[in-house]
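The values are calculated or read from the model by the stated rules, or taken from the named source; none is laboratory data. Not measured: the values here are computed from a predicted model. Heads up, the Cβs are rebuilt from the backbone with ideal geometry, glycines too, and the neighbour counts pull from every protein chain shown. Note: areas computed on protein heavy atoms with side chains; ligands, DNA, RNA excluded. Shrake-Rupley method; radii C 1.70, N 1.55, O 1.52, S 1.80 Å.
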Amino acid sequence: MAAVKTVYSKDKVRVSSEVVVMVRKASRNIRKYTSTCRSKQSKRFDHRRHPARTIMTRSQCNISEKSFFHRLPSEVFDMILDKLSVLEISVFSMVSKEITRYIMDYISTLAWKNKMIVESFHHSTCLDETSTMGHYRDLGLLFKRCTLLLPTKDRLKFIFSKFSQIPCFMLEHCLSPHCIGFSSYGAFLQTLIAGWDEQECHRVFNFLCDITNLLPKIEAVVTGKPGESWYQELQLRLFCRQVLLDPWPNQLDCQFWLIQLLKPWPIVSQAHLLFVLYGPLLPEGTLGWQDLVERGLSHCTLWDLARAILLLFGKLEVKDGSTSSLLAILEELIVIPQPWHVENVARLLVLCGSSVCYTVLASKAINGRLLEISRLIVYIILVCEKDGYHMSWAVKLVQQICKVFSTAPERFRFIQLLENTFSEVTREIFEFSVAGNHLEDRETFQNLCILLDSSARFHTKFLHMFLK
């Protein structure tokens with residue numbers, strides 16, 4: 001019996017332990033099942049309790065929490081900016097609106113202005129000049145980037161309030177002949193407004209006219225006697241060329257600014273202003289008004305003026321009325337202050353190229369001014385021989401002019417008048433060379449020899465063309 005009881009008790013213990021294990025497993029399964037059901041239910045109704053997730057900007061995430069730079073003392077932030085170059089600050093200003101605002105306040109301080117806006121433009125070495133110009137290009141990039149979000153009017157007010165009172169940036173305030181103030185100003189302006197649309201550039205021009213009093217200064221020069229106010233003429237030339245015109249590598253941009261300068265004035269004043277801006281400059285720094293009247297000048301002295309005419313009227317077929325404007329301006333230009341020496345008129349036309357040259361001569365031919373165009377053509381042939389142009393160009397020009405005349409007698413009369421003019425000009429130069437004992441005798445005799453050579457070359461090409 002004892003043995004039976006012992007076996008029974010062991011079986012009972014084994015059964016009870018198995019029951020306990022089963023109960024534990026069941027409870028675990030129940031908890032797992034209930035948690036699964038609850039999770040499914042919670043997932044099922046989550047979208048009802050919570051709105052859909054949206055993307056938020058950094059400024060919306062937590063407005064109450066300040067950024068790293070906000071936690072910095074302003075003195076420490078200023079010390080960081082003091083260690084950065086102008087170009088690095090310009091890049092840093094695009095990080096966020098808050099940084100932009102802080103940098104605008106930083107560059108508005110008198111300490112930064114005194115440190116970074118260089119006002120020394122009278123350098124003795126090319127290296128210093130290059131460094132200053134590069135610095136002002138970097139300044140242009142800085143102000144371009146940190147005022148990016150402002151309206152154009154506010155941008156201009158903020159920017160030019162820092163630069164408008166620099167003496168070397170102002171008309172008639174700097175007497176140094178080697179000052180690079182206007183060139184630095186031009187580099188700054190070109191970098192600042194590069195890529196702006198035409199409407200914004202119009203606002204820039206009007207704003208500059210207001211702060212520099214430019215239009216009244218132009219009016220005083222173009223309505224005065226040529227050469228009388230030589231210092232004002234030179235200052236106007238330097239400011240317009242170095243600030244508004246020459247910094248632009250693109251011809252269309254340069255054309256835009258030249259048109260803005262000429263547009264407010266009548267044709268006579270436009271021609272006068274064009275001469276002030278691009279006319280020949282003498283070694284002593286004054287404009288060569290009388291030199292164009294008294295003697296023939298070299299091609300390099302007239303190249304700038306020809307380039308300006310090409311800039312305005314290079315493609316005559318593109319713009320309506322441009323041909324009449326070209327003729328009107330040229331007619332006024334070549335009589336300022338008095339009618340030019342014919343060789344200078346001829347050289348200007350040659351430098352302007354075939355299209356402009358033919359347009360001017362054909363207009364005169366249509367209006368019956370045969371004696372005038374015959375004399376011009378003789379001097380064009382002389383210029384071609386002097387300056388090394390191929391004589392076939394002059395022959396083709398005469399051939400084109402002949403086509404303007406509708407009948408054979410008109411063409412014959414034109415050729416006859418051209419030949420007679422050759423003889424007259426040759427005689428004039430010869431008589432002038434033997435008239436007196438002055439220093440120009442040798443130059444005049446050389447002109448005579450060149451004219452005879454050019455006449456021989458021209459007629460050789462001309463006859464060869466007809467023999468073909």
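Checking the stated criteria, ALA346 turns out not to satisfy the condition of being crowded, with 18+ Cβ neighbours inside 10 Å, in contact with a helix residue (DSSP H, G or I) (Cβ under 7 Å, 6 or more places away or on another chain) and over 21 Å from TYR278 (Cβ atoms).
Any residue that is open to solvent by 50 Å² or more (accessible area, probe 1.4 Å) and assigned to a loop (DSSP other than H, G, I, E, B) - is there at least one of those in region 128-146? Checking region 128-146: not a single residue is open to solvent by 50 Å² or more (accessible area, probe 1.4 Å) and assigned to a loop (DSSP other than H, G, I, E, B). Within region 249-286, the residues that satisfy the criterion of being outside any helix (DSSP H, G or I) and open to solvent by 10 Å² or more (accessible area, probe 1.4 Å) are PRO249, ASN250, LYS263, PRO264, TRP265, PRO266, LEU281, LEU282, PRO283, GLU284, GLY285, THR286. When you check VAL91 against the structure, is it closer than 15 Å to LYS144 by Cα and either among the basic types (Lys, Arg) or touching a residue at least 40 places away in the same chain (Cβ under 8 Å) (or both), yes or no? Yes; evaluated as a whole, the condition is true for this residue. Helices (runs of 4 or more DSSP H) fully within region 160-234 that include at least 1 residues being more than 25 Å from GLN251 (Cα to Cα) and open to solvent by 20 Å² or more (accessible area, probe 1.4 Å): 198-212, 214-222. Evaluate the following for ARG101: is it touching a helix residue (DSSP H, G or I) at 6+ places or on another chain (Cβ under 6 Å) and either of a type outside the set (Gly, Ala, Ser) or in contact (Cβ under 8 Å) with a residue 60 or more places away in the chain (or both)? When the stated conditions are applied, ARG101 does not pass them.
Within the group HIS390, HIS459, which residue is open to solvent by less than 50 Å² (accessible area, probe 1.4 Å) and free of Cβ contacts under 8 Å to residues at least 40 places away in the same chain?
So the residue among HIS390, HIS459 that is open to solvent by less than 50 Å² (accessible area, probe 1.4 Å) and free of Cβ contacts under 8 Å to residues at least 40 places away in the same chain is HIS459.
Scanning region 287-300 for residues that are open to solvent by 30 Å² or more (accessible area, probe 1.4 Å), over 15 Å from PRO339 (Cβ atoms) and not polar (S, T, N, Q) yields a count of 2. Checking each residue in region 101-127 for being in a helix (DSSP H, G or I) and of a type in the set (Asp, Glu) picks out only ASP105.
Report yes if LEU371 is in contact (Cβ under 8 Å) with a residue 12 or more places away in the chain, assigned to a helix (DSSP H, G or I) and either surrounded by 21 or more Cβ atoms within 10 Å (Cβ to Cβ) or of a type in the set (Phe, Trp, Tyr) (or both), otherwise no. No. Consider region 401-447 and keep the residues that are more than 17 Å from TYR379 (Cα to Cα) and of a type in the set (S, T, N, Q). The one that is modelled with the lowest pLDDT is ASN437. The set of residues in region 328-341 that are surrounded by fewer than 19 Cβ atoms within 10 Å (Cβ to Cβ) and part of a helix (DSSP H, G or I) comprises ALA328, GLU331, GLU332. In this entry, LEU310 is excluded by the filter for residues that are under 26 Å from the mean Cα position of the chain (by Cα) and open to solvent by less than 20 Å² (accessible area, probe 1.4 Å). When each of TYR379, TYR358 is tested for being surrounded by 21 or more Cβ atoms within 10 Å (Cβ to Cβ) and either among the polar types (S, T, N, Q) or touching a residue at least 40 places away in the same chain (Cβ under 8 Å) (or both), the lone residue that passes is TYR379. Checking every residue in region 376-396 against the condition of being more than 29 Å from TRP303 (Cα to Cα) and in a helix (DSSP H, G or I) gives zero matches. Could you grab me the full set of residues in region 236-248 that are closer than 19 Å to GLU198 by Cβ and outside any helix (DSSP H, G or I)? The answer is PRO247, TRP248.
Matching residues to (1) crowded, with 20+ Cβ neighbours inside 10 Å; (2) within 24 Å of SER298 (Cβ to Cβ); (3) not hydrophobic (A, V, I, L, M, F, W, C):
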| site | (1), (2), (3) |
| --- | --- |
| ILE366 | no, no, no |
| PRO409 | no, no, yes |
| ARG413 | no, no, yes |
| GLU419 | no, no, yes |
| SER423 | no, no, yes |
| THR426 | no, yes, yes |
